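Scroll down for the structure; my scribbles are underneath it.
The values are calculated or read from the model by the stated rules, or taken from the named source; none is laboratory data. Predicted model, so just to flag it, every value in this text is computed and none were measured. In this analysis, Cβ positions are derived from the backbone assuming ideal geometry, glycine residues included, and neighbour counts consider all displayed protein chains. For the accessible areas, the whole protein counts, side chains as well, though only heavy atoms, and no ligand, DNA or RNA atoms are used. Shrake-Rupley method; radii C 1.70, N 1.55, O 1.52, S 1.80 Å.
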Amino acid sequence: VQLVESGGGLVQAGGSLRLSCAASGHTSSSYAMGWFRQAPGKEREFVTARSWSGSRTYYADSVKGRFTISRDNAKNTVYLQMNSLKPEDTAVYYCAAMVGLGLSSKTDEYHYWGQGTQVTVSS
């Protein structure tokens, strides 16, 4: 499975961005999809994830109420709508896929990763 993120960029604090992640390859299986981010000098951290069916969604406390994950299984695409952005949201954002019907916030439980897209929020 190949994952390709898009939609990153530079935005002022308080602004919005929408990230997309398109999956290709062996996409016939069920996957949970997640977003993670990594700021310079920091470890990669969980942002949000959604199960294959969409019945379960997790959010990191730092983004609750501001970020929304959605997915379109017919298009093999997952989205991250980011509103009320803050300078501390600046990071490289990664899309990830975890095989199966479960859901996790743990980095090492995801099997496939995109290359990342840079999000920079200026103050």
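Observations
- Per the conditions (1) part of a loop (DSSP other than H, G, I, E, B); (2) at negative phi; (3) of a type outside the set (K, R), the sole criterion not satisfied by S84 is (2).
Residues checked against (1) part of a loop (DSSP other than H, G, I, E, B); (2) closer than 18 Å to R18 by Cα; (3) open to solvent by 60 Å² or more (accessible area, probe 1.4 Å):
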{"residue": "W35", "(1), (2), (3)": "no, yes, no"}
{"residue": "D61", "(1), (2), (3)": "yes, no, yes"}
{"residue": "G65", "(1), (2), (3)": "yes, yes, yes"}
{"residue": "T68", "(1), (2), (3)": "no, yes, yes"}
{"residue": "C95", "(1), (2), (3)": "no, yes, no"}
{"residue": "L101", "(1), (2), (3)": "yes, no, yes"}
{"residue": "V121", "(1), (2), (3)": "no, yes, no"}
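- Pairs are defined by a Cβ separation below 6 Å, a sequence spacing of at least 6 or placement on different chains, a first member in the stretch 77-90 that is loosely packed, with under 14 Cβ neighbours inside 10 Å, and a second member that is of a type in the set (S, T, N, Q); the pairs so defined are P87/S123.
- Considering the conditions (1) crowded, with 16+ Cβ neighbours inside 10 Å; (2) in contact with a Phe, Trp or Tyr (Cβ under 7 Å, 6 or more places away or on another chain), S30 is excluded by exactly one of them, (1).
- Residue ID - farthest from H111 (Cα to Cα), chosen from residues in the stretch 34-82 that are touching a Cys at 6+ places or on another chain (Cβ under 7 Å) and among the hydrophobic types (A, V, I, L, M, F, W, C): V78
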